[in-house]
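What follows is a short report on a single structure.
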Amino acid sequence: MNIELTKKEFRHLLDMVYIGNWILNSTRGDNRIKEYDELESKIFSYCIKHKMYSLFEIVDGEVVPSSEYAEGGIHEAIMNYEDSMFFDILAEELARRDMDFAPIDSENYKELSTRIDEYIEEFEKNGINNVLVDIS
């Protein structure tokens with residue numbers, strides 16, 4: 001298979017591959033999904049051909065994203081996503097808790113959505129400053 005990309009499109013593809021592999025493997029410790037690591041390495045190896053030397057390094061014979069690449073802002077995008085997902089999940093879990101974890105159906109979906117929206121609004125204003133946890 002051949003895919004034709006501009007240099008800019010290829011650069012965006014690198015970001016997508018890196019982010020995808022980060023999401024799939026970053027929390028797996030020694031149980032990484034090697035196929036994704038291998039694909040990331042394969043895609044980043046095309047940087048050699050296109051003289052994008054600052055984006056990769058070779059470690060133990062494998063082409064990997066360079067530390068310069070990894071520290072160049074890509075993790076900021078990942079953190080923005082993680083923050084957004086954290087607040088979305090927390091809002092839904094709190095809303096479902098408020099509704100005694102009732103199964104969601106067409107009759108109570110609007111109530112759930114309203115509660116989620118209220119929590120999201122609170123988080124947008126105050127982050128987690130007003131979240132209290134009772135550990136007694």
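Yes/no matrix, rows are residues, columns are (1) more than 18 Å from the chain's Cα centre (by Cα); (2) surrounded by 13 or more Cβ atoms within 10 Å (Cβ to Cβ); (3) farther than 16 Å from Ile74 by Cα; (4) not charged (D, E, K, R):
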residue: Lys8; (1), (2), (3), (4): yes, no, no, no
residue: His12; (1), (2), (3), (4): no, no, no, yes
residue: Tyr18; (1), (2), (3), (4): no, yes, no, yes
residue: Gly29; (1), (2), (3), (4): no, no, yes, yes
residue: Glu38; (1), (2), (3), (4): yes, no, yes, no
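Among the numbered conditions (1) touching a Phe, Trp or Tyr at 6+ places or on another chain (Cβ under 7 Å); (2) of a type in the set (A, V, I, L, M); (3) modelled with pLDDT of 95 or more, the only one that Ile78 does not meet is (3). From the residues in the stretch 68-110 that are under 14 Å from Asp15 (Cα atoms) and small (Gly, Ala, Ser), which one is surrounded by the most Cβ atoms within 10 Å (Cβ to Cβ)? Looking at residues that are under 14 Å from Asp15 (Cα atoms) and small (Gly, Ala, Ser), I get Ala70.
Scanning the stretch 39-90 for residues that are outside any helix (DSSP H, G or I) and either in contact with a Pro (Cβ under 6 Å, 6 or more places away or on another chain) or not small (Gly, Ala, Ser) (or both) turns up His50, Lys51, Met52, Phe56, Glu57, Ile58, Val59, Asp60, Glu62, Val63, Val64, Pro65.
Name every residue in the stretch 5-28 that is in a loop (DSSP other than H, G, I, E, B) and either within 13 Å of His50 (Cβ to Cβ) or in contact with a Lys or Arg (Cβ under 6 Å, 6 or more places away or on another chain) (or both), in order of residue number. Selection gives Leu5, Thr6. Figure legend. Inter-residue proximity from the stretch 121-132: first residues in the same structural domain as Ser84 (by TED's automatic domain parsing), second residues assigned to a loop (DSSP other than H, G, I, E, B) and not acidic (Asp, Glu), beta-carbon distance below 8 Å, spacing 6+ or different chains. Indicated pairs: Glu122/Asn130.
Within the stretch 40-56, track down each residue that is surrounded by fewer than 17 Cβ atoms within 10 Å (Cβ to Cβ) and not hydroxyl-bearing (Ser, Thr, Tyr). Steps first, please.
Taking the stretch 40-56 and keeping what is surrounded by fewer than 17 Cβ atoms within 10 Å (Cβ to Cβ), we get 42, 45-46, 48-51, 53-54.
Scanning the stretch 40-56 gives Lys42, Ile48, Lys49, His50, Lys51.
The values are calculated or read from the model by the stated rules, or taken from the named source; none is laboratory data. Keep in mind that what you see is a predicted model, and the values were worked out from it rather than measured. Positions of Cβ are generated from backbone atoms using ideal geometry, with glycine treated the same way; all protein chains shown enter the neighbour counts.
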